[in-house]
1. So what is the calculated 222 nm ellipticity per residue for the chain, using -39500 (n - 2.57) for each DSSP H run with n of 4 or more, over all residues, to the nearest 500 deg cm²/dmol?
2. Taking a label point 7 Å from the Cα of GLU66 along the Cα→Cβ vector, which residues of the stretch 20-36 have an amide N closer than 20 Å to it?
3. Which net charge results for the neighbourhood of GLU7, defined as the other residues with beta-carbon distances under 14 angstrom from its beta-carbon, given Lys and Arg at +1 and Asp and Glu at -1?
4. Under unit Cβ charges (Lys, Arg +1; Asp, Glu -1), what dipole magnitude, rounded to 20 debye, does the chain have relative to its Cα centre?
Amino acid sequence: AVLERNELVADDLISIWFTATPDLHSDFPAAAARGLGIVDVPLICAQELDIDGAMPRVVRILVHVETYLSRAEINHVYLGATATLRKDIAQ
């Protein structure tokens with residue numbers, strides 16, 4: 001969804017950083033990206049802080065890209081219930 005909404009392709013990617021909440025432990029988010037064909041981009045996974053009351057089952061993605069889009073033109077993607085985390089920029 002991040003690539004699609006910003007009209008990006010794999011060649012635009014510099015690197016991707018994934019974080020996941022501690023309750024997600026079945027697979028690495030980077031493995032899913034590799035499965036989508038993102039094979040020659042550095043990927044890293046980390047765990048979110050385990051904070052009481054934090055939204056469970058969340059994967060966050062920080063994507064570094066080469067683009068001509070301005071900051072105002074970037075579409076930040078919040079899927080499902082995560083839209084409540086950043087109502088100011090959620091699409």
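Values in this text are rule-based calculations from the coordinates and carry no lab data. As the structure is a computational prediction, the values presented were derived from the model and not from experiment. In this analysis, Cβ positions are derived from the backbone assuming ideal geometry, glycine residues included, and neighbour counts consider all displayed protein chains.
1. Working: 2 runs with 11 residues, N = 91.
So the helix-based figure for the chain works out to -2500 deg cm²/dmol.
2. none
3. Working: positive: ARG5; negative: GLU4, ASP11, ASP12, GLU66, GLU73.
Value of the local net charge: -4.
4. Working: 7 positive and 13 negative charges, 43 e Å.
In total the dipole reaches around 200 debye.
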